[in-house]
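Trainee: Okay, here's the structure, questions in a sec.
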Amino acid sequence: MDASKAFKKSRTTIYEAIKNGELSRDHDGLIDLSELIRVYGNPSGVQSSTRTEHVQKDVHVHVQSEVETVLKDQISLLKNQLDLANQREKALMQHIEDLTHRIEFKGQLEQPIAEAKKEESIQSNAAPAQPEPGTTEPKDEGLTTLEQKENKRIAVPEHVEPEPPKRGFLSRFFLPNG
């Protein structure tokens with residue numbers, strides 16, 4: 001095992017550390033180098049040099065610049081989505097306002113029509129039409145007039161049984177009646 005040589009630890013020591021929970025294995029069963037460094041420190045014979053520090057700094061700056069560009073792209077995408085959502089909201093609010101105005105306008109139109117019908121019914125009840133001279137009054141041929149229609153009552157049954165739900169062809173044979 002390379003870890004035992006690099007850190008100058010016996011294999012049994014490393015296995016005992018795993019068993020005790022001091023070290024942990026990855027999903028593939030191997031021990032990560034960072035775990036070994038966390039428990040045993042830097043491997044013997046490896047000194048932190050200024051060269052590795054410069055490489056680490058360069059990698060850190062490079063990773064940081066990549067993260068910044070990804071974040072900037074995500075921010076611009078979110079801004080575009082927010083603008084689109086605001087446009088949709090504005091259009092829907094305008095649509096709601098238009099529908100509200102239409103409803104109000106329709107209500108205003110229906111009021112004069114209802115008042116005119118009311119006046120017509122009052123006038124027709126107050127002054128029955130006089131036949132013109134020289135014409136004969138039509139005979140009642142069994143037709144109902146407006147007054148007869150208003151007084152006519154229709155019987156409404158008190159309780160109506162609901163229709164049983166429709167059943168499929170096979171359910172008639174295999175399911176109980178109910």
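Trainee: I need every pair where a residue in the stretch 18-33 that is in the same structural domain as Ala3 (by TED's automatic domain parsing) has its Cβ under 9 Å from the Cβ of a residue that is of a type in the set (Ser, Thr, Tyr) and assigned to a loop (DSSP other than H, G, I, E, B), sequence separation at least 6 or different chains.
Mentor: Ile18/Ser24; Ile31/Ser24; Asp32/Ser24
Trainee: What are the residues in the stretch 47-96 that are modelled with pLDDT of 90 or more and charged (D, E, K, R), if any?
Mentor: Answer for the stretch 47-96, where residues must be modelled with pLDDT of 90 or more and charged (D, E, K, R): Lys72, Asp73, Lys79, Asp83, Arg88, Glu89, Lys90.
Trainee: Related question: Kindly indicate whether any position in the stretch 32-46 is acidic (Asp, Glu), touching a helix residue (DSSP H, G or I) at 6+ places or on another chain (Cβ under 6 Å) and modelled with pLDDT under 90.
Mentor: For the stretch 32-46, residues acidic (Asp, Glu), touching a helix residue (DSSP H, G or I) at 6+ places or on another chain (Cβ under 6 Å) and modelled with pLDDT under 90: absent.
Trainee: Follow-up question, since we're still on this one. Which pairs do you get when a residue that is among the hydrophobic types (A, V, I, L, M, F, W, C), found in the stretch 92-113, comes within reach of a residue that is assigned to a helix (DSSP H, G or I), reach meaning Cβ atoms under 9 angstrom, with the pair 6+ apart or on two chains?
Mentor: Filtered contacts from the stretch 92-113: no entries.
Trainee: Output the residue which, of all residues in the stretch 1-12 that are in a helix (DSSP H, G or I) and within 14 Å of Gly41 (Cβ to Cβ), is modelled with the lowest pLDDT.
Mentor: Ala3
The values are calculated or read from the model by the stated rules, or taken from the named source; none is laboratory data. Quick caveat, the model's predicted, so the values are computed rather than measured. Virtual Cβ from ideal backbone geometry, glycine too; neighbours counted across all protein chains shown.
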